[in-house]
1. Go through the residues of the stretch 101-108 one by one and say whether even a single one is over 20 Å from Val218 (Cβ atoms), crowded, with 20+ Cβ neighbours inside 10 Å, free of Cβ contacts under 8 Å to residues at least 60 places away in the same chain and assigned by TED's automatic domain parsing to the domain that holds Arg137.
2. Exactly one of (1) of a type in the set (D, E, K, R); (2) assigned to a helix (DSSP H, G or I); (3) touching a residue at least 12 places away in the same chain (Cβ under 8 Å) is unmet by Arg51. Its number?
3. Could you tell me which residue of the stretch 59-117 is modelled with the lowest pLDDT, considering only residues that are outside any helix (DSSP H, G or I) and among the basic types (Lys, Arg)?
4. Restricting to the stretch 1-36, count the residues that are in a helix (DSSP H, G or I) and over 21 Å from Thr312 (Cα atoms).
5. Please go through the stretch 294-323 and pick out each residue that is assigned to a loop (DSSP other than H, G, I, E, B) and of a type in the set (Gly, Ala, Ser).
6. Going through the stretch 118-134 one residue at a time, which ones are under 22 Å from Asp222 (Cα atoms) and assigned to a helix (DSSP H, G or I)?
Amino acid sequence: MAGGTLRVHFTTDDLSRVRVASTMDHLWEVVLSLHMLCDNAHPVLFGQWRRDTLAAVRRTHAEPSLAMLATLAPAARYFPDFLTPENGGEAFDTGVDAVMATPVSELRGQLALLARTRPLPGWVSRLAAGEQTALARLEKALRDYHRLAIGPVERAIQRSLGRIGDKAGAAGWQDMLQPVLQWNHPVLAAPFLEDFDLHLNGRGLKLVPSFFCMGAPVKLYDDSLTPTLVCPIVHDPRWLGGGTGQPIEQLLGVSRARILEFVAANPATTNAVISTVLHISPPTVSYHLRILRESGLLATDRDANLVVHTSTRLGAALLNGRPL
């Protein structure tokens, strides 16, 4: 959970060296979706995907692969950078090849850092030594997980990220940032695990929009690597083809149901984003938000100079069709 602020400091040279990933970064999606799979957060957006993926893991007896990745990439302050190589976005196979080619010195050093954070099973030491059997197990785990968790929804993810890339190319990278990332020249600020200042010093910045990144951005641990910031996106709550359904629309009204659904899928969103994405006038958005807030279905807070909205447990339960 974010408890601090990340501040990325740009020089004049850095502003001309910002790159936005144009394709899905498969390895980042593997790691961040794994975090989402092991949590019960955002049930409206990821509940069905989570149920489908866990069922597929059980059906194919892939629990050992899932357990291996969960050990190496915990949803915590640290997980090894070698799991998300710089060229992981080119293609999944390319990314896996890059992981397998990680120098033993990096495996040893990064897994030693992981061992400081939690007890690790014995096979991790064999992986740290670069043993081929351990590397083969890791490759199988990555391929199993990608096939079961990412493969069935890859087209939907690509569509969502494609819309972000089109916007970034047409309007500039500052306009693609979700409200959670605040640009105040020459500093980009965002919620983070702790207070941290990243000085680019002319190296530029790679922005990686990620489907499974929620709430706060993620960066590489090693600041000597290419500065990379993995960013949340604005989600379509009906990305799997579902929706609130007629009963909820009859209960709340179509516009109000769409707004609640959108807020549940995009925590800490703003009036302006809701209005723009759903094509509802700002006064109408404000009116519906007030009704939803007074009904206990969403909460409104102030984050710095922004007023942001998040669904409550009651709102999420209503959309999810499940009891509290």
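1. Taking the stretch 101-108 as the starting set, the residues that turn out to be over 20 Å from Val218 (Cβ atoms) are 101, 103-105, 107-108.
Retained after the next criterion (residues that are crowded, with 20+ Cβ neighbours inside 10 Å): 107.
Among the residues that remain, those that are also free of Cβ contacts under 8 Å to residues at least 60 places away in the same chain are: 107.
Those left that are additionally assigned by TED's automatic domain parsing to the domain that holds Arg137: 107.
Checking the stretch 101-108: at least one residue is over 20 Å from Val218 (Cβ atoms), crowded, with 20+ Cβ neighbours inside 10 Å, free of Cβ contacts under 8 Å to residues at least 60 places away in the same chain and assigned by TED's automatic domain parsing to the domain that holds Arg137.
2. (3)
3. In the first step, residues of the stretch 59-117 are kept if they are outside any helix (DSSP H, G or I); the result is 60-62, 73-80, 84-91, 101-103, 116-117.
Going one step further and asking which of them are among the basic types (Lys, Arg), we end up with 77, 116.
Details: Arg77: 90, Arg116: 97.
Among those that are outside any helix (DSSP H, G or I) and among the basic types (Lys, Arg), it is Arg77.
4. Keep residues of the stretch 1-36 that are in a helix (DSSP H, G or I), which gives 12-15, 26-36.
From the residues that got through so far, the ones that are over 21 Å from Thr312 (Cα atoms) too are 12-15, 26-35.
Number of matching residues: 14.
5. Looking only at the stretch 294-323, we keep the residues that are assigned to a loop (DSSP other than H, G, I, E, B), and these are 295-297, 304-305, 312, 321-323.
Of everything in the stretch 294-323, those that are assigned to a loop (DSSP other than H, G, I, E, B) and of a type in the set (Gly, Ala, Ser) turn out to be Ser295, Gly296, Ala304, Gly321.
6. Within the stretch 118-134, Val124, Ser125, Leu127, Ala128 meet the criteria.
The values are calculated or read from the model by the stated rules, or taken from the named source; none is laboratory data. Model, not experiment: these values are computed from the prediction. Counting neighbours? That spans all protein chains shown, and the Cβs are built from the backbone with ideal geometry, glycine included.
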